[in-house]
Every structure is written in structure tokens, then in C-alpha cells.
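Enquirer: The structure that follows is given in the form of C-alpha cells.
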Amino acid sequence: MENRKTSALLPLALLGMVLLTLLSLYRMVLPAYQDGLLLRSPRWMAVGGAGLLGLAVEVALLAFVLAQKTETLLRGQRCLQGFLRRLGRYNLLLFSGAIGVYAALLLGRYGKYFEFASIRLLLFVLLAATGYYFLQAAGLTWEHGKLLAGSILISAVGYKIASYLPGISTFPFSLGWSEASRYYYASLFFSQRIYGMAVPPSVLHPSRYLLQAIPFLVPESPLWLHRLWQVILWLTTSAGAAYCLARRLAISGRFMRRSFLAWTFLFLQIGPVYYHLLVPVMLVLVGTATGQKFADQSRVRRRAFWQTLGVVTLASAWAGISRVNWFPLPGMLAATLYLLETHFQERPVWKYILPPAIWIAVGGPAALASQALYALLSGNPARQFTTSFTSDLLWYRLLPNATYPLGVLPAVLLVTLPFGLLIFEWMATHRAYYHLIRYSIIGTFLCALFLGGLVVSAKIGGGSNLHNLDAYLTLLLVAGAYLVFDKAVSDRPLPQPKASTREAIAVPLQGTATMPVVLALLIVAFFTLTSGESIRLPASELTQRFLDELRNMVGQAVKGGGEVLFLSERHLLTFGYLEDVPLVPDYEKVFLMEMAMAGDPEYLGRFHADIQARRYAMIVSEPLLTNIKGRTENFPEENNAWVEQVSRPILCAYEPLLEGGKGIRVDVLVPRPGEEACP
């Protein structure tokens, strides 16, 4: 029966590969042809030839299958397997090398030719298929479905880790629009030591910068170390949250545990769920006491209640200095764990829901109090902590657009799809064994976080990915995992499944694997392989020459008694690339952009007055453009707010003196002659 299914699916799979290869060749060859590389570069001629050869092989294989000459193919497959088996465990090294080659193609020098999803998907399919044979030949005695699932997960995790490595760089300038600004904001917790003055720490994302500030405990720590630390934070918090959830679920079986860890790691990267936001998640997963403890004697029950309340309060305090839409999440997550792990026991409804209701009622105010205390201690104006509430809502960002071609709503529905199918199946088979109040409350939580995440995603500055739906995705992950592994405690004994249905669901692509698990595996792989981009840096000689010129110009301005405003590249002062330059704390571009998007009249009025008065002898900034964008372009509203509130006022009073050029997005501006007032 299995052979018949394989025979029926093989022609369709090969036909899909042929079409995908044709599309990929078109997508890759066209830019090379337009750049003039295809006909004059031996490398690109080789790439085109290899692509055509691969296409010819796929067409030949399809012809063999349609002609029902599969025995020839099977003999070739057996020969390949025999050769690889002789290599033994070295196949794992070959698999690692294949993942490295895949990552190098997508993230390396020629990465721009591999940006299209069709090309990445084609290469990933080939990588996963190759990995299947490598794992099999290495001696792993898994079923075919497990081998394929394992290959997909290992390939995706390997690529995701590799995608962070280009960010560990000694390049002295920012690798992205706000990349280096993050290190400056982290340094403000040590401002007296680094800058010789007390500077209020950041209004935005204080908990993130607290974590990023840890390397500053090492005096004179270099920029590359901070970049490495941020990569470590991304990887370890996602892996740590996956481990905490797997540990709480007590997943049996080595393959299933490791598969779940890998899949959850990738799932948390979809949004992504930022590393500072995973801290309260891990606290709640590890510290919340529920389940049987609430069915034991009153002393044990009281201890469990107070323990959980303390954990929720601590996690909520951290959320309070993180993001507004995360304020209720620790309480909701603890309540969800309680509802999943604690059966109803035929008690009054109010008695059953009282503990989680108290946790939520305490958690929210704890987050607000934490934010208020931080605002007071930081020295920043309290109104600056609420600018997000006055930002414009761009509802069109929820649908496919130039900023996010997939669109927030279609993307989150795609991610939700396997969970929705799983919940539908669970409701059809298990609903009668659980009290209505339990799954109704969890459903209410999910709906509230979903709608709240959509609103935040529609705000100007958002909508380019799913990270503003991170609270929803986190709770969805936890609830879905409990259903997959049948860890939700029932109120009445469940009937015994006929053929270990639950185990089949919990093992991807094995036996009677269900559609939700297959979709969940493929969806995280898709989001993973379409992430990551190459970073093209200029030659080190060019970089050093520009840095020397910048150092000389800034030094002359400071010696002349003038102030130098670093709108961007402020980390050059942080890490000693520019010495003896007094810090001007105002108007760093990340916060300036926040104020521009919020239209804060007081802050922007002060900025415009300083610029018009030509207060600064020199301004260091990214290139200031003045073009107004329409909705067919990337981040149009953000660009237009920046142009109107920042670029045009500066360029009216200042003119460029030095430009970084290709690969170095840094300009130096000096006051224009004259005292003309700007409009």
C-alpha cells in the first residue's frame, strides 16, 4: 500500500521540482543577465549550466517514472545508499557541510541572487532530500518519515543559526538601520563611566538593553563582542524557552523531545519573539505551580498559589519594562497553564477560576507599577513612555503590501492554520471530557492577544513581520503543545484511543501522522528559509580610510569648541573609535524616529529650533533623503515622517561635507553659510 502511494506521489513531486527549477532559473539568471554577468563571468556561466543540467536530470527522472521504469531508478538509489553507508558517521559531516554550503549561497557574496523564495525553496528541498540520505547512511534506524522530518528540522535549525553569524563583525559602522544604535542604548546604564556624564537610559525597550548591557561589565569590551553577545541572546533564549516548555510537558522519547525542541526554537524565530520577551515566558514555565497541587490539601494548595503569584509578579515587572502589549501575558500564561493542568473537580466556577483571576489581576498592575517606577528612576519625561498610543494606525499593512509582501493577517493565519486544525480535531473528540469554562477562557485569551497584536502591527513603524503578534504566538504555542502531547488534564476519564492516535499525532510524518503536524513542520521551514539576507561590506582599506577622515573632521570640530551631534553611529564614541569627543545625548535617530512617527510637538519643536539655530558645528548621520514615498514602496509612512520632520529641516540648515559612499551609510554635515530661516 505504501509503495502504491509513493508511486502515485513521485510523478507529482518531480513535476513540482521541474516547475520550481524553471522558476528559480528565471529568477536567478535574469538579474545576472541584467547586471551583465551572465555572458562574461565564467562563474555565472557555470551556474547557468549547472541549473540547466539539474533541470535535464529532473526531466529525465520524470520521463522514467511516467514510462514506469522505476526499477532503474531504484537500482541507482540502492547504489548511492551503499556508497554512503561505507562512509558511516562521516555522513553527518557531509550533511553539516551541505547546510554550510546552503547558508553560504544565501548569506554570502552572491546572496542577492538567492533572495527569491522559489530559489531558496528549491535549494532547501534538495538539501532536505540530501540530508535524508546522509542521516540514513549514518546508521540512524528511524522510520522514513522520521528521517525526512529530522532532515528538515536539522537543515532549518542549521541555516537559522548560520544566518546570525554574519552579524558577528568587526566592521566599525552600523550593519543595519538601527543595529549599532542598540549597543549605544545598552551603554547608557554605564554612561558615567563611558561618557563621563549621567545620561538617562532608554525609554524604549529597557529590558532589552539591560540584557545587552551585560558585556559592558567588561571594561573596554569591543564592538564585535557585543554583536556576538546579541547572537548568543537570540539563540539561547529561544532554545531555553523551548527547553522549559518541553520539560514542563515531560515529553517521552529522545527523537520526539529533540524534534520538539528544534521545531519550537524555529517557531519562536518566526515572529520573532525577541529575547528580552522570552525571559518572563521562561520564568512562568519554570516557576508556575498548578495541576495536582491544587487538588491536594489546603496547605500545599496555598503554597502553590503564592509561589505562582510571586512568579507572575516578577515576570510582569519584567514585562512592564519591555512592551505594553506584554503587560498581561505573564498572568495569562500562568492562567493558561492552570486551566490546562488543573481539572475542574465539580466545584463552583468562581472557586475554580479565582486563583488565575487573582494572578491576572495582580500581574497587570505589577507591570504598570514597574513601568512607572522605571520612568521615575530613569529621569525621562513620563509622557515619552506613552507615545505609541498617539501613533497612526495603518490598517492596509495587515494585507499584502510593499513593506511586507505576505501581509500580517495572511501570515499569522498561515502560522495559526495547523493549530486551528488541531483545535478543531480536539474539540470534535475531546470537548465532552473538559469543562466549558476551561477552554472558553483560553480561547478568550487567544482572541484578545490576536486582536491586540493586529492593532499593534497596524501602527506606524510596525507591520513588516509578525513580531507584534509575539504574545499571541507564544500563548498559541503553549496551548497547542499541550493538545499535541495530550497533556491537558481531563475532568472525566478519556476513552482509550484505538491505535495510539495521540502518539501518531505527536510524531511528525510517521505512520498515520495528521495534517496539523505536517503543516506545522513545513510552515516553520518555509518561514526559516525565507529569512536571512547577505551583508555586503566594503573593503577594509576603504572603511579605514573613511574612519580616519571622519576622526580628523570630528576632532577639528571639537578642537574649535563646537558640538558634534551623532544622529547615527553614536557607538563610535561608545567603543572608542572616536576619542575625546563629548557626547551630545539628544536626538539619537531611533528615538528621534519614534518622536517623528508619534508627532510629538514638544520634542520635535526643540529639535527644529536647535537645527535652525545651527547649534551644532557638525552632524554625523545616515544619508538624508528627501523623496516622499507612496504605498508601492517600502515603509512609506515612516520614510515620509522622517523626511518631513528630520531630513528637510536638517538639509535646510546644513550641507554634506563628507559622504561615506557605497557600503558606508554615513554622511558628515556642516552648517550652511548664512542665517536664513528655514520654512
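The values are calculated or read from the model by the stated rules, or taken from the named source; none is laboratory data. Computed from a predicted structure; not experimentally measured. For neighbour counting, all protein chains shown are included, and Cβ atoms are generated from backbone atoms with ideal geometry for every residue, glycine included.
Enquirer: Taking the condition of being without any contact (Cβ under 8 Å) to a residue 24 or more places away in the chain and not in a loop (DSSP other than H, G, I, E, B), how many residues in the stretch 557-582 meet it?
Expert: 1
Enquirer: Between PHE134, PHE189, PHE173, which is part of a helix (DSSP H, G or I), in contact (Cβ under 8 Å) with a residue 40 or more places away in the chain and out of contact with any His (no Cβ under 8 Å at 6 or more places or on another chain)?
Expert: Result of the check over PHE134, PHE189, PHE173: PHE134.
Enquirer: Those residues that are out of contact with any strand residue (DSSP E or B) (no Cβ under 6 Å at 6 or more places or on another chain) and closer than 18 Å to ASP610 by Cα, I need them from the stretch 575-586; list them, please.
Expert: The answer is PRO582, LEU583, PRO585, ASP586.
Let's see how each residue does on (1) without any contact (Cβ under 8 Å) to a residue 12 or more places away in the chain; (2) surrounded by 15 or more Cβ atoms within 10 Å (Cβ to Cβ); (3) part of a loop (DSSP other than H, G, I, E, B); (4) of a type in the set (A, V, I, L, M):
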position: VAL584; (1), (2), (3), (4): no, yes, yes, yes
position: LEU604; (1), (2), (3), (4): no, yes, no, yes
position: ASP610; (1), (2), (3), (4): no, yes, no, no
position: GLU633; (1), (2), (3), (4): no, no, yes, no
position: PRO649; (1), (2), (3), (4): no, yes, no, no
position: LEU658; (1), (2), (3), (4): no, yes, no, yes
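Enquirer: Looking at the stretch 622-631 only, could you name the residues that are buried (at least 16 other Cβ atoms within 10 Å of the Cβ) and in contact with a Phe, Trp or Tyr (Cβ under 8 Å, 6 or more places away or on another chain)?
Expert: GLU622, LYS629, listed by residue number.
Enquirer: Just wondering, is there one or more residues in the stretch 214-224 that are within 30 Å of ALA598 (Cα to Cα) and part of a helix (DSSP H, G or I)?
Expert: There is no residue in the stretch 214-224 that is within 30 Å of ALA598 (Cα to Cα) and part of a helix (DSSP H, G or I).
Enquirer: Looking at the stretch 382-411, I want the residues that are not assigned by the TED database to the domain that holds ASN640 and have a partner that is surrounded by fewer than 19 Cβ atoms within 10 Å (Cβ to Cβ) and of a type in the set (S, T, N, Q) with Cβ atoms under 6 Å, at least 6 apart or on another chain. Which pairs are those?
Expert: Cβ pairs passing all conditions: ALA402/THR632; ALA402/ASN634; THR403/SER464; THR403/ASN634; TYR404/SER464.
Enquirer: Let me ask you something else. Would you pick out the residues in the stretch 249-274 that are aromatic (Phe, Trp, Tyr), more than 24 Å from LEU406 (Cα to Cα) and either modelled with pLDDT of 95 or more or within 16 Å of the chain's Cα centre (by Cα) (or both)?
Expert: Within the stretch 249-274, PHE260 is the sole residue that qualifies.
Enquirer: Run down VAL362, VAL324, VAL300 and say which single residue is in contact with a Leu (Cβ under 7 Å, 6 or more places away or on another chain), among the aliphatic types (A, V, I, L, M) and on the phi < 0 side of the Ramachandran plot.
Expert: Answer to the check: VAL362.
Enquirer: Now a separate question. With respect to VAL231, is the statement that it is β-branched (Val, Ile, Thr), closer than 30 Å to LEU583 by Cβ and assigned to a loop (DSSP other than H, G, I, E, B) true?
Expert: In short, no.
Enquirer: Considering only residues that are at pLDDT 90 or above, farther than 12 Å from LYS459 by Cβ and touching a helix residue (DSSP H, G or I) at 6+ places or on another chain (Cβ under 7 Å), look in the stretch 372-400 and name the one that is surrounded by the most Cβ atoms within 10 Å (Cβ to Cβ).
Expert: The qualifying residue surrounded by the most Cβ atoms within 10 Å (Cβ to Cβ) is ALA375.
Enquirer: Collect the residues in the stretch 453-474 that are closer than 12 Å to LEU329 by Cα and either surrounded by fewer than 22 Cβ atoms within 10 Å (Cβ to Cβ) or hydroxyl-bearing (Ser, Thr, Tyr) (or both), keeping them in residue-number order.
Expert: Scanning the stretch 453-474 gives TYR472, THR474.
To keep it simple, each residue is scored yes or no on (1) over 27 Å from the mean Cα position of the chain (by Cα); (2) free of Cβ contacts under 8 Å to residues at least 60 places away in the same chain; (3) closer than 30 Å to LEU266 by Cβ.
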position	(1), (2), (3)
PHE527	no, no, yes
GLU533	no, no, yes
ARG545	yes, yes, no
ASP600	yes, no, no
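Enquirer: If you check PHE95 against the conditions, is it aromatic (Phe, Trp, Tyr) and touching a Gly at 6+ places or on another chain (Cβ under 7 Å)?
Expert: yes
Enquirer: Within the stretch 93-107, does at least one residue satisfy the condition of being surrounded by 14 or more Cβ atoms within 10 Å (Cβ to Cβ) and more than 27 Å from the chain's Cα centre (by Cα)?
Expert: yes
Enquirer: Got at least one residue in the stretch 113-133 being charged (D, E, K, R), within 34 Å of the chain's Cα centre (by Cα), within 27 Å of ILE523 (Cβ to Cβ) and surrounded by 13 or more Cβ atoms within 10 Å (Cβ to Cβ)?
Expert: Yes, that holds for at least one residue.
Enquirer: Could you figure out which of (1) surrounded by fewer than 20 Cβ atoms within 10 Å (Cβ to Cβ); (2) closer than 23 Å to ALA149 by Cα; (3) modelled with pLDDT under 90 isn't true of ALA506?
Expert: So the condition that ALA506 fails would be (1).
Enquirer: Show the residue pairs meeting these rules: Cβ distance below 8 Å; 6+ apart or different chains; first residue within the stretch 45-62 and surrounded by 15 or more Cβ atoms within 10 Å (Cβ to Cβ); second residue at pLDDT below 80 and outside any helix (DSSP H, G or I).
Expert: GLY48/LEU38
Enquirer: Additional query: Just one of (1) part of a helix (DSSP H, G or I); (2) modelled with pLDDT under 95 trips up VAL554, so point out which.
Expert: VAL554 satisfies all of (1) part of a helix (DSSP H, G or I); (2) modelled with pLDDT under 95 except (2).
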